[in-house]
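Colleague: Dumping the structure here so I can ask a few things about it.
Just so it is clear, none of the values below were taken in a lab; they were calculated from the coordinates. In this text the structure is predicted, and so the values were computed from the model without any measurement. A quick note on method: Cβ atoms are made from the backbone with ideal geometry, for glycine too, and the neighbour counts reach across all protein chains shown.
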Amino acid sequence: MSTILIIGAGAAGSVVVKKCLMVPEVFTKIHLASRTLKKCEKLKEESGGKIDISQLDADDSEAVFKLIQKVKPKLVINMALPYQDLSIMDACLKAGVHYLDTANYEPKDEAKFCYKWQWDYQDKFKEKGIMALLGSGFDPGVTNVFCAYAQKELFDEIHYIDIADCNAGDHGHPFATNFNPEINIREITQNGKYWKNGQWIEIPAMSESQEIDFPGVGPKKAYLLYHEELESLIKNIKGIKQIRFWMTFSENYLKHLEVLQNVGMTRIDPVQFEGKEIIPLQFLKSLLPEPSSLGHNYQGKTSIGCIIEGVKDGTPKKIFIYNICDHAECYKEVQSQAVSYTTGVPAMIGAMMILKGIWQGEGVFNIEQFDPQPFMDELNKHGLPWHIKKI
Ligand code: NDP
């Protein structure tokens, strides 16, 4: 018997609920809690009443703790926003249950994400005899597992990694983000950063690009961004000389983003509006389509993976390890678009690894610290098959 508590009934959380329901032998009881009860009710209806639901403000750690006490889950899957990571981790710690998320903590008032805040829980989780699995989405998540697999099975030495993320889909809206708009825009508008020869190199936002030939999609211009998995991979991939993260954007997306930035709509500091304080980015989020609403009629594919270069048996080697995911296929299966699907499926698989006892530990772990093989096997079974191309 494994009861889980999923927090967050948004685009990716909905996929986690539906994929967990497909593996009832592992996830015997599912409780979903989120800020807006209506979204939980919709998912309960869609699942034929097979889940229990609650309204929850996960910023309130005591409320999360009380719900954990009531539901008695073995694991809490955090599919809310990065802002809630620490309040949920605190509640898990107090209650003595495992924790999993897909994005690292960032404070609301500063567009800065890093693992330090969560890594600081290492001793406390260890003392309590529980584990936290950080970054079990696609990137971070599957991309980290690809790197761990390459380190274990494909290379003797890894020197260069380029994580490459392409969404070549079209949702038909003039401007929309594929995951939470606030988190997405904060990520893209901050400076780019990559690791080279033992140090971080910072560059202005979106100032470096290159064309990458994405499998299943073709050549696309991709921009260098800072992404959280770089911070853990430089620790866990031995001998790495350079690691960078690249993401594609359509011209249309970039045009809208530039205008929104120029007029101040992406600001995260409070401004006075008609006697009230508002945060422009939060106001913008309220105008944009919800990522969970984009799936219908979404055409095209995502192609995401890692270009890895190193040495095997004394010979230089370069590969692209990747997954291609089709928006329309995802919609057919779970009524979501591929970005939420590629996040939700690995969260379900990470949870499965913990509940089956395949991945065990006490403390706080990044996903690449565990044996990648069982996770890679489950990706093939649950809708995210992976491939390797020699370059
Ligand atoms: P959504 O905005 O669609 O969903 C977020 C959900 O969390 C919403 O239902 C929201 O409630 C709920 N929520 C927000 N604040 C609270 C709170 N205080 N208490 C309870 N519930 C709350 O975002 P996504 O589903 O697209 O993204 C979810 C997470 O997945 C994010 O952390 C994102 O960064 C991460 N992600 C990770 C990826 C990866 O590959 N690793 C890729 C894409 C996303 P409400 O409906 O009331 O707003």
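Colleague: Among the listed pairs K18/K318; K18/K108; K193/K285, which have their C-alpha atoms separated by more than 31 angstrom in this model?
Modeller: From the list (K18/K318; K18/K108; K193/K285), the Cα-Cα distance tops 31 Å for K18/K318.
Colleague: Taking every alpha carbon pair in segment 1-56, what does the distance histogram look like in 5 angstrom bins from 0, in percent?
Modeller: 5, 23, 36, 25, 9, 2
Colleague: For segment 54-154, what does the equivalent ellipsoid look like in terms of its semi-axes, each the square root of 5 times an eigenvalue of the Cα gyration tensor, given largest first in whole Å?
Modeller: They are 24, 17, 13 Å, listed from largest to smallest.
Colleague: Under the rule of at least 5 residues apart or a separate chain, name every residue whose amide H is placed under 5 Å from the amide H of F214.
Modeller: K220
Colleague: Please list the radius of gyration and Dmax for the chain, considering alpha-carbon atoms only, with Å as the unit.
Modeller: 20.1, 68
Colleague: Continuing with this model, one more query. If the cut-off is a Cα-Cα distance under 15 Å, which aspartates and glutamates reach K50, setting aside same-chain residues fewer than 8 apart in sequence?
Modeller: Cross-link targets: E25, E41.
Colleague: At 0.36 nm per residue, and after removing the present C-alpha to C-alpha distance, how many nm does the segment from Q69 to K318 gain when stretched out fully?
Modeller: 84.7 nm
Colleague: Among S340, I53, I308, pick out the residue whose Cα is farthest towards the positive end of the charge dipole of the chain, where Lys and Arg carry +1 and Asp and Glu carry -1 on C-beta, about the Cα centre.
Modeller: I53
Colleague: Go through K235/K389; K152/K312; K94/K126; K126/K241 and tell me which ones have a Cα-Cα distance over 21 Å in this structure.
Modeller: Check vs 21 Å cut-off fails for K235/K389; K126/K241.
Colleague: For the ranges 6-14, 101-109, what's the packing order if you count other beta-carbon atoms within 10 Å of each residue, average per peptide, and put the highest first?
Modeller: The densest-packed peptide leads the list: 6-14, 101-109.
Colleague: Moving on. What does the net charge come to around V71 if you take all other residues with beta carbon closer than 9 Å to its beta carbon, with K and R at +1 and D and E at -1?
Modeller: Taking every Cβ under 9 Å from that of V71, the sum is +2.
Colleague: Right, another one. Straight-line reach from K238: which aspartates and glutamates have Cα under 19 Å away, leaving out those fewer than 8 places along the same chain?
Modeller: K238 reaches E153, D156, E157, D162, E228, E229, E309, D313, E368, D371.
Colleague: So, one more: For the chain, what are the DSSP H helices with axial Cα length of 20 Å or more and mean Kyte-Doolittle hydropathy of at least -0.5?
Modeller: 338-355
Colleague: Report the residues of segment 295-337 in range of a label on N380: point 7 Å along Cα→C-beta, backbone N strictly under 17 Å from it.
Modeller: Output list for this probe position: 321-324.
Colleague: Next up: Given a cut-off of 17 Å, what percent of all Cα-Cα pairs of segment 314-387 lie beyond it?
Modeller: Cα-Cα pairs of segment 314-387 separated by over 17 Å account for 53 percent.
Colleague: Just order 376-384, 144-152 by mean Cβ neighbour count inside 10 Å, highest at the front, would you?
Modeller: The densest-packed peptide leads the list: 144-152, 376-384.
Colleague: Under 5 Å between amide hydrogens, which residues at least 5 positions from I53 or on another chain qualify, with H placed 1.01 Å from N in the peptide plane?
Modeller: L32
Colleague: Mean projection of the alpha-carbon convex hull of segment 142-339 over all orientations, in nm²?
Modeller: Seen from a random direction, the Cα hull of segment 142-339 projects 12.6 nm² on average.
Colleague: If I take every Cα pair under 8 Å that is 6 or more residues apart in the chain, average their sequence separation and divide by the length, what percent do I get for the relative contact order?
Modeller: Computed over the chain, the figure is 21 percent.
Colleague: By how many nm would the segment from Q122 to D156 lengthen if fully extended, with 0.36 nm per residue of separation less the alpha-carbon distance?
Modeller: Computed gain between Q122 and D156 is 9.3 nm.
Colleague: If the cut-off is a Cα-Cα distance under 15 Å, which aspartates and glutamates reach K29, setting aside same-chain residues fewer than 8 apart in sequence?
Modeller: Output for K29: D52.
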